[in-house]
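Peer 1: Quick one: the structure is below, and I'll ask about it shortly.
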Amino acid sequence: MKNNMNEMSVHAPLIPGETFDAIGHQIQRHATERGDHPALITAQEQVSWADLLERVNRIANRLRAAGLSRGDTVAALSENSVDYVALYLGTLVAGGCMVPLSGMASAESLVLMLEDSGARFLFVSPKHQPLLAEVRPGLRSLGADRILALADQDAGIGQPLAQWLGDVSAEPQPAEVSLDDPFNIIYSSGTTGTPKGILHDYRFRQRQMVRMSRFGLDGDAINLVSTPLYSNTTLVSALPTVFFGGTLVLMPKFNTQGFLELAERHRVTHAMLVPVQYQRILAEPDFEKFDLSSFKLKLSTSAPLRAEVIADAMARWPGNLREVYGLTEGGISTSLDCAAHPDKWGSVGLPTEGAQVKVIDEQGQELPQGEIGEIVGRAISMMRGYVNRPEQTDEMLWTSPEGEVFYRSGDMGRIDADGFVYILDRRKDMIISGGFNIYAVDLEQALLAHPAVADVAVIGIPSEHWGETPLGLVVRKPGHSDTEAAILDWANNQLGKSQRLAGVEFRDQLPRSTIGKVLKRELRAPYWAERAQA
């Protein structure tokens, strides 16, 4: 890598008496203590802890034999699978740092990620062979012998995994690592723009795993994983389940029927989902036919979960629901226990143990309770920094008058009298019309209250008179014939004069990332491009 990752200087607050048990050491015990317990389940196979650890240790030993040293990076481009989990854990057992890559990224962005991270190896599943073909010409520092197929047969990628492993030993030899060693690098973007590598060390991950185990993500958990492993959303719940010896039920690709069938068949207890998944699962016509009584807790993250969706889930889906708000970078951490606080379903909850959350204005001054500004936070899990980007790391930091370092969220919000945090909009998505700040969430909630509206995104578009003005992009519910004008008039009657929508346009669907976030940048682009060409 271009920089020594261990020299990156952003650290989370210390915890007195903190002990360390590296995941590479911890999981070795599972083969002895619960070897027959299921570790991974897919639609095709079930793998015990003993069998998984044999795969993991063979991968770790082969990586070391091929030259992987402590702190070196291993990249993967794959859907969720047994081999992918084994590779992830094998990299950690070998002392390496995992770099999971998004299959939604462009070839240009993937080349940047691989070069930026200094990946020593790249493992690719057969599904992503066409994308790899686009990436190969741009790779300067990754030789063909270091590009391998995450498959047992030839897939036109490189040497198949089984062939590459050969007769390597499965002897457990977990590397000695410290809290400061790199664990993984998660890239923050990849569809457009320059991706930023978010470096998590073992301190970040261990603290997160311990905290999430208090929600029941432990050795007794049966956790249904339906979001991709390159997303921190997935890792937040998957890693503690593995660390404590529980069971992961893996979905390569989410669909509502498949999710419900797996949940019923394997008596699933936990799942981390994003808001659009809740909406789709609860709208599934056959939802009531499935036995979901084994659920203890469902988690939601990546975007605020609407209060009406929470109400529906709490009424019809067994087990509690907990909303989690945070950044892949860490620093900000809140949680809403939906059963305990039904009057706060519009919020994202209270700061978690050891976390502080504040709101600041444009000048960086802390705002009083109830006032709207940018949310900043400080928590026990904080990234080490953006890899090779010290200036962008510095831009994210806010230092309190007491000298404590907080992370800027980029989210606009407020904190109520009880300490609950409310998110209004991304700072970059806030609409400034005629000098007034307009928060899209307020307008979206008004539109969603209309009986014909299934989904909505409000964006700012150019306005000669106001600079920019809000436009509602609406997906209608099936069977409704309400016009754009009728929905616009209805919504504007619910809104204040300074908030009113300039128009409503119908869409068949809204573009979303693989973890369910609406891609507002894509929605805005055509309108601003037209203005630039005018």
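What follows draws every value from the coordinates through simple rules; no lab data is involved. Computed from a prediction, not measured in an experiment: that's the story for all the values here. In this analysis, Cβ positions are derived from the backbone assuming ideal geometry, glycine residues included, and neighbour counts consider all displayed protein chains.
Peer 1: I'd like to know if segment 135-145 contains one or more residues that are within 28 Å of LEU248 (Cα to Cα) and not basic (Lys, Arg).
Peer 2: No, there is no match, as no residue in segment 135-145 is within 28 Å of LEU248 (Cα to Cα) and not basic (Lys, Arg).
Peer 1: Taking segment 353-377 only, how many residues are in contact (Cβ under 8 Å) with a residue 60 or more places away in the chain, touching a strand residue (DSSP E or B) at 6+ places or on another chain (Cβ under 7 Å) and surrounded by fewer than 21 Cβ atoms within 10 Å (Cβ to Cβ)?
Peer 2: 1
Peer 1: While we're looking at this one, here's another question. Of SER302, SER347, which residue is touching a helix residue (DSSP H, G or I) at 6+ places or on another chain (Cβ under 8 Å), within 22 Å of MET412 (Cβ to Cβ) and buried (at least 17 other Cβ atoms within 10 Å of the Cβ)?
Peer 2: Residue meeting the stated conditions: SER302.
Peer 1: Determine if segment 370-390 includes at least one residue that is of a type outside the set (Gly, Ala, Ser), on the phi > 0 side of the Ramachandran plot and in a loop (DSSP other than H, G, I, E, B).
Peer 2: Within segment 370-390 (the criterion being of a type outside the set (Gly, Ala, Ser), on the phi > 0 side of the Ramachandran plot and in a loop (DSSP other than H, G, I, E, B)), the answer is yes, since at least one residue qualifies.
Peer 1: Residues to consider are ALA525, ALA486, ALA457, ALA440; find the one that is over 24 Å from MET104 (Cβ atoms) and either surrounded by 19 or more Cβ atoms within 10 Å (Cβ to Cβ) or of a type in the set (A, V, I, L, M) (or both).
Peer 2: When all the criteria are applied, what remains is ALA486.
Peer 1: Contact list please: Cβ distance under 9 Å, first residue in segment 410-438 and small (Gly, Ala, Ser), second residue outside any loop (DSSP other than H, G, I, E, B) and loosely packed, with under 13 Cβ neighbours inside 10 Å, pairs at least six apart or on different chains.
Peer 2: Taking only residues 6 or more apart or on different chains, the pairs are GLY410/LYS428; SER433/SER498; GLY434/SER498.
Peer 1: Being crowded, with 22+ Cβ neighbours inside 10 Å and either within 24 Å of VAL387 (Cβ to Cβ) or of a type in the set (Phe, Trp, Tyr) (or both) is the filter here; which residues of segment 149-169 pass it?
Peer 2: LEU150
Peer 1: Please go through (1) over 21 Å from SER69 (Cβ atoms); (2) part of a loop (DSSP other than H, G, I, E, B); (3) out of contact with any strand residue (DSSP E or B) (no Cβ under 9 Å at 6 or more places or on another chain); (4) not hydrophobic (A, V, I, L, M, F, W, C) for ASP154 and return the number of the only condition it doesn't satisfy.
Peer 2: All conditions are met except number (3).
Peer 1: Which residues, counting only those in segment 209-266, are of a type in the set (S, T, N, Q) and assigned to a helix (DSSP H, G or I)?
Peer 2: Residues satisfying the conditions are SER213, ASN232, THR233, THR234, SER237, THR241, THR256, GLN257.
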